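Structure first, commentary second.
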Amino acid sequence: MRTLIEEMVDIQRKMGETAYAARKDASQKPALIAMRRAFAKQVIAVAEAAGNDPGLRANPTLEAEFRQRLAQMRSGIALHQAKWPAVLLDDGNDEFRTSADAIIKTNREFAAWALSILP
């Protein structure tokens with residue numbers, strides 16, 4: 001489970017780099033779409049693994065908190081990506097950067113918390 005979350009963090013970092021590149025160069029937008037899909041698949045893998053994690057299953061309160069925090073993170077990502085599809089990104093949009101920074105912060109907080117509670 002830790003490995004899945006660490007991989008999620010790495011994908012997010014790469015996704016941020018790709019988003020920056022896509023804002024500068026429109027030909028990079030398909031790469032951003034691919035990174036967003038990879039991140040979504042990783043989040044699903046984390047959610048599925050949580051259901052099978054013996055430590056979480058042994059502690060229903062912690063499992064519920066894990067699922068709630070993960071759902072909150074997923075919801076934020078969905079709203080951000082719905083508001084900012086890759087085709088709309090350009091270098092002059094400060095609103096995108098503000099939204100992206102908030103999502104990055106939320107995702108990092110979830111990952112740090114999850115890694116702190118997992119063996």
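Quick notes on this one:
- Close pairs from the range 33-49: first in a helix (DSSP H, G or I), partner among the small types (Gly, Ala, Ser) and open to solvent by less than 30 Å² (accessible area, probe 1.4 Å), Cβ under 7 Å, at least 6 apart: ILE33/ALA86
- Residue check, GLN28 surrounded by 12 or more Cβ atoms within 10 Å (Cβ to Cβ), part of a helix (DSSP H, G or I), among the polar types (S, T, N, Q) and touching a residue at least 12 places away in the same chain (Cβ under 8 Å): no
- Scope the range 41-58; condition open to solvent by 60 Å² or more (accessible area, probe 1.4 Å) and within 11 Å of the chain's Cα centre (by Cα); matching residues: LYS41, ILE44
- Inspection of the range 110-119 finds a residue satisfying the criterion of being touching a residue at least 12 places away in the same chain (Cβ under 8 Å) and in a loop (DSSP other than H, G, I, E, B).
- Single match in THR106, THR61 (criterion: more than 22 Å from MET35 (Cβ to Cβ) and either open to solvent by less than 90 Å² (accessible area, probe 1.4 Å) or over 18 Å from the mean Cα position of the chain (by Cα) (or both)): THR61
The values are calculated or read from the model by the stated rules, or taken from the named source; none is laboratory data. Here the structure is a predicted model, which is why all the values come from computation and not from measurement. Virtual Cβ from ideal backbone geometry, glycine too; neighbours counted across all protein chains shown. Just so you know, the surface numbers come from the protein's heavy atoms only, side chains and all, with ligands and any DNA or RNA stripped out. Shrake-Rupley method; radii C 1.70, N 1.55, O 1.52, S 1.80 Å.
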